[in-house]
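The structure appears below as structure tokens.
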Amino acid sequence: MSVLAPTRRLGLTGNDAVALAWKQINPDVVAAYPITPSTQVVEKFSQYVADGVVQTQFVPVESEHSALSACVGAAACGARVMTATSSQGLALMHEILYIAAGLRLPIVMAVANRALSAPINIHGDHSDAMGSRDSGWLQLYAKDVQDAYDLTILAVRVAERARLPVMVGLDGFTLSHSLEVVDVYGDDAVRAFVGPGPDDHYHFLDSPEPITIGPLALPDSYMDFRRALAEAVARSAEIIAREAAAFREHFGRSLPVFVEPVAMEAARAAVVLMGSYAGVVEEAVLRWREAGRAVGLVRPVVFRPFPAEALRAALAGVEHVVVMERADTLSTLGGPLGVELRAALYGAVRRPVVTDVIFGLGGRELREEDLEQVGRLVEEAPGGVRYLGTGDGV
Amino acid sequence: MSTQASWRALDRGPVIAGGTSRAFLTGTWRTERPVLDLERCIHCMLCWLYCPDSSIQARDGRVVGIDLDHCKGCGVCAAVCPPRAHAIVMVPEGQP
Ligand code: SF4
Ligand code: SF4
């Protein structure tokens, strides 16, 4: 372990852990509007600002649209910028999400993932961030509070080196509000890791040398910018791998990228699952393994760029995959992870049967009997799309 | 900008030098053109204030002409010019 990184163990909720990471990072600007379940990130951080323990310019705004707009302006001036949101707030940012990515601004956003209306619901699922998946933002998903803390710190370096904005997802309530024991690094260690800030300031306010950011681009150039953005997202995979290695070197803790395989040795079937339920499903998978069933778990940590290669490698020997996900595309083809996983596997030499299981929407819990049903699906490999926990069986 | 693989140079997003709107000749879109009669003009500067393209040329607080490279022919100047002065009329392009 690096000498720079004496760790403390603290009991923190996911929101506290994100706010603490922000405090240690000491960003130049935070512009945010509180929304459940991410509210406490902003609450806690504004307390740090009021106490003078960070030098951050805090911009309280009247909506999420303004929050991200202020972030875009500040990031365009070369500032290191953070914000947090959830659900309808992220939906309200939608227009500006594309602008942040298109302008190649390294904004880091915590998303305490929550369902979308209607009906109104404040609890956790991945529908909010999945609605942003084609915006050019990179997306990382935490499994536990430790992950939420670590990925927030990692995201700063990834964003600034890839020149792309990054979302760090932590499941609403199950992570945002649950207390867990977290290894927290020293302030100096975190600041040494993230460094002084984005290196290529745009000098927006340099009046002797004025520039225009985000001018009109007509058919002769617009598509070239979009092509460059697509390339940047593709290339960010290398950057994520490199920065995760630097993180391990610096803090002495390994971060799984791009997927975390559990009990996948000689597995014939696998569950693929992102986010906080990975812990519960891991228990079930280990029980199934003990009972002699060759089942493993693959947890994608990165959703953008889509970890197609890592998933293909992790699932190479597998005949059947059950994707468990907390969002739907309403396309009749299942949830976004299942749809993209099928696309990624289409060119594989041996294609496993993929069963897409949508569960946990709006915070619906995953119960023991639901896990038994998942176990049956793993066995029977029916394919298609299933809804778990709505009373009529899968 | 060339479309020949120029995207490779676009790794920092769309940023251009300031003041480029001067080189962008919006006057080429025009179908009607303002014709200014300086004999009638009372230099109230209403046209200068309202022109959305900053195309009314002024010196020392007096109107001196119209920048037809950037005037896109919206007719706002003619509309705000006081009726009794009636110093600007819109004329279809191609007519004297
Ligand atoms: S026609 Fe419109 S653009 Fe042209 S000078 Fe008059 S107000 Fe300006
Ligand atoms: S509005 Fe008419 S009178 Fe007034 S400055 Fe312009 S041209 Fe002259």
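The values are calculated or read from the model by the stated rules, or taken from the named source; none is laboratory data. Please read all numbers here as calculations on a predicted model, not as lab measurements. So basically every Cβ, Gly included, is an ideal-geometry build from the backbone, and we count neighbours across all protein chains shown. Just so you know, the surface numbers come from the protein's heavy atoms only, side chains and all, with ligands and any DNA or RNA stripped out. Shrake-Rupley method; radii C 1.70, N 1.55, O 1.52, S 1.80 Å.
Conditions tested, residue by residue: (1) more than 12 Å from ligand 1 (Cβ to nearest atom); (2) farther than 30 Å from A:R226 by Cβ.
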position: B:R8; (1), (2): yes, no
position: B:G19; (1), (2): yes, no
position: B:G27; (1), (2): no, yes
position: B:D53; (1), (2): no, no
position: B:D60; (1), (2): yes, yes
position: B:D69; (1), (2): no, yes
position: B:G73; (1), (2): no, yes
position: B:V80; (1), (2): no, yes
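The rows are residues; the columns are (1) within 12 Å of ligand 2 (Cβ to nearest atom); (2) within 25 Å of A:P208 (Cα to Cα); (3) basic (K, R).
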site	(1), (2), (3)
B:G13	no, yes, no
B:R30	no, no, yes
B:D37	yes, no, no
B:L46	yes, no, no
B:K72	no, no, yes
B:H86	yes, no, no
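Only one of (1) closer than 18 Å to A:L175 by Cα; (2) more than 19 Å from the chain's Cα centre (by Cα); (3) without any contact (Cβ under 8 Å) to a residue 60 or more places away in the chain fails for A:A74. Which number is that? Every condition holds for A:A74 apart from (1).
Annotation note: Cβ proximity below 8 Å between a residue of the stretch A:328-352 that is over 25 Å from A:D125 (Cβ atoms) and open to solvent by 70 Å² or more (accessible area, probe 1.4 Å) and a residue that is in a helix (DSSP H, G or I) and at pLDDT 95 or above (sequence gap 6+ or interchain) occurs for A:R351/A:L345. Test A:V394 against the criterion of being outside any loop (DSSP other than H, G, I, E, B) and surrounded by 14 or more Cβ atoms within 10 Å (Cβ to Cβ), and give yes or no. Answer is no for this residue. One residue stands out among those in the stretch A:233-248 that are out of contact with any helix residue (DSSP H, G or I) (no Cβ under 6 Å at 6 or more places or on another chain) and of a type in the set (A, V, I, L, M): the one that is most open to solvent (accessible area, probe 1.4 Å), which is A:A234.
Residue by residue, here is whether (1) of a type in the set (S, T, N, Q); (2) surrounded by 19 or more Cβ atoms within 10 Å (Cβ to Cβ); (3) within 30 Å of A:T355 (Cβ to Cβ) holds:
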{"position": "A:V194", "(1), (2), (3)": "no, yes, no"}
{"position": "A:P210", "(1), (2), (3)": "no, no, no"}
{"position": "A:A217", "(1), (2), (3)": "no, no, no"}
{"position": "A:R227", "(1), (2), (3)": "no, no, no"}
{"position": "A:E260", "(1), (2), (3)": "no, yes, yes"}
{"position": "A:E265", "(1), (2), (3)": "no, no, yes"}
{"position": "A:L273", "(1), (2), (3)": "no, yes, yes"}
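When A:A91, A:A112 are checked against the criterion of being modelled with pLDDT of 95 or more and surrounded by fewer than 24 Cβ atoms within 10 Å (Cβ to Cβ), A:A91 stands alone in meeting it.
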